[in-house]
Amino acid sequence: MQAGLYISEKQVKADSIEKPAPQPGEALIKVAFAGICGTDMMIYSGKHPRAKAPLAMGHEFSGVIESINSIGSPSSFAAGDRVVIEPTLSCGSCAACRSGAFHVCQTLKLLGIDKHGGFAEYAAVPLDRLHRIPDELTDTHAAMAEPVAVAVHTIRRSSLKVGDDVAILGAGPIGLLVGLMAKQAGAGQIIISDISPYRLKKAEQFGLTALNAKEVNVTEEVLKRTGGNGADVVFEVAGSQLTANQMIEAVRTQGQVVVVSVYKQAPTIDLAAMHFRELSLTTTRCYSKDDFAKAIRLMTSGAIDVSPFISHILPLEQVERGFQLMADPEASLKVLFKP
Ligand SMILES: [Zn+2]
Ligand SMILES: [Zn+2]
């Protein structure tokens, strides 16, 4: 079968690999759509600590069940069911897993990072990682369930209350989805910053207040727009030292900072400034199974419309072009492959 493979730093290619055989308790999924995520970009840059080449990347994908190997694990799923994949793989026995927090498993693995994922015609997926796609939701939109689940988890981890002013640092797909989710949760002003005019325009289309960090001082603007107080909750989604400084400067006294970013380089955090103003800091990673189900429901009801996010749909043969597009924030927001 054909797959979109990570080969080495900045090198991807479409090539054929062996079609997977589902193990007991797994389903063989015929992939419909698979999105490129920031994590895939990290693999592409050669900086992901776990990904090993050659790897069929892709952890955001939808498809249809081709067959099930249900030996020893009977399942309510059947061949022909449309499904979206929750890509986290937890050990089930560490302290986090035993407490039910499977998404922060001490040895958490992901399909598409630690083993072949959705940039392929077929993928083998454990049955308990499947979510049914409701009839009202297309396969294309369902492929966005994973990033939407990140946004659900982020807002639910935050202390956001109805009417709160929010600042989001970074207007990539996750930053924008956090903005839409904050709106769902009843936020007051939602201010979002980035340096990409294309992404800021998207933010404006979503009704968010967009700040170009190349043109204005983000901290000053947030303070100005919140009566000099700062935002009630600041979400850091850009992953830079600059935004790690801004998250503390732009939040109100006793406000909350929520770190969503995966940092390539560990930032310095001004704990002295945080202490002086009694700031809270929380972090978020992935999503729970429940967050994932909520994401699917929010997309199905139309509360979250992901269609403006999908900028390109490409065949797997164009895997190189897909990564080049995603590397340019002016050229794309979310690239999906259609194997
Ligand atoms: Zn992702
Ligand atoms: Zn575990």
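Between VAL216 and ARG297, the C-beta separation translates, for a Förster distance of 51 Å, into a calculated FRET efficiency of about 0.85. Amide H contacts of TYR122 (H built 1.01 Å from N, in plane; Pro and chain starts excluded): VAL31 sit under 5 Å, all sequence-distant by 5 or more or on other chains. Shape class of the range 255-339 from the Cα gyration tensor (axes a ≥ b ≥ c, square roots of the eigenvalues): oblate, since a/c reaches 1.5 or more and a/b does not exceed b/c.
Keeping all protein chains in place, calculate the accessible area per residue for the range 149-283 (probe 1.4 angstrom), answer in Å². Display every interim value, and only then the final one.
Details: 6100 Å² over 135 residues.
Accessible area per residue: 45 Å².
Using only alpha-carbon positions, what ratio does the radius of gyration of the range 93-245 give when scaled by 2.2 N^0.38 Å?
Rg over 2.2 N^0.38 Å, computed on Cα atoms: 1.22.
For the pair LYS30 and GLN205, label points projected 7 Å from Cα toward Cβ lie 3.2 nm apart.
Excluding the site residues themselves, the longest part of the chain lacking any GluC sites (Glu not before Pro) in a DSSP loop with at most 15 other Cβ atoms within 10 Å is 19-135. Residue ranges 254-260, 19-25, 78-84 sort as 254-260, 78-84, 19-25 when ordered by packing (mean number of other C-beta atoms within 10 Å per residue, highest first). Here the spin labels are modelled as points 7 Å beyond Cα on the Cα-Cβ line, and at LYS338 and ALA266 they lie 4.5 nm apart.
Taking the Cα centre of the range 149-283 as origin, sum charge times position over the Cβ atoms of Lys and Arg (+1) and Asp and Glu (-1), and report the length of that vector in debye to the nearest 20.
360 debye
A full extension of the chain between GLU18 and ILE313 corresponds to an added length of 103.8 nm, given 0.36 nm per residue minus the alpha carbon distance. Here the chain is treated as an ellipsoid with the same Cα gyration tensor; its semi-axes, largest first and in whole Å, are 34, 21, 19.
Note that the range 1-113 presents 44 Å² accessible area per residue, ligands and nucleic acids not counted, probe 1.4 Å. Basic side chains Lys and Arg get +1 at the Cβ, acidic Asp and Glu get -1 at the Cβ, and with that the dipole of the chain about its Cα centre reaches some 380 debye.
GNM on the chain, alpha-carbon springs under 10 angstrom: the most fluctuating residue among ILE310, ILE36, ILE133 is ILE310. Taking 0.36 nm per residue of sequence separation and removing the Cα-Cα distance, the VAL162/GLU320 pair yields an extension gain of 52.5 nm.
Once each part is reduced to its C-alpha centroid, what is the distance from the range 119-196 to the range 17-89 in angstrom? Their Cα centres are 20 Å away from one another. Does the range 205-298 come out rounded, prolate or oblate, given a ≥ b ≥ c as the square roots of the eigenvalues of its C-alpha gyration tensor, rounded meaning a/c under 1.5 and, failing that, prolate meaning a/b above b/c? Cα axes put the range 205-298 in the prolate bin.
Residue separation of LYS52 and SER280 scaled by 0.36 nm, minus their Cα-Cα distance, works out to 78.4 nm of gained length. Across the chain, the mean sequence separation of Cα contacts (distance under 8 Å, 6 or more residues apart), normalised by length, yields a relative contact order of 19 percent.
Surface composition of the chain: carbon plus sulfur atoms hold 50% of the accessible area, using a 1.4 angstrom probe and ignoring ligands, DNA and RNA. Projecting the Cα atoms of ILE313, SER93, THR283 onto the charge dipole of the chain, computed from C-beta unit charges around the Cα centre, puts SER93 farthest toward the positive end.
The values are calculated or read from the model by the stated rules, or taken from the named source; none is laboratory data. From a predicted model like this one, the values you see are computed outputs, not experimental measurements. Please note: Cβ atoms are built from the backbone with ideal geometry, for glycine as well, and neighbour counts cover all protein chains shown. All accessible areas refer to the heavy atoms of the entire protein, side chains included, with ligands and DNA or RNA removed. Shrake-Rupley method; radii C 1.70, N 1.55, O 1.52, S 1.80 Å.
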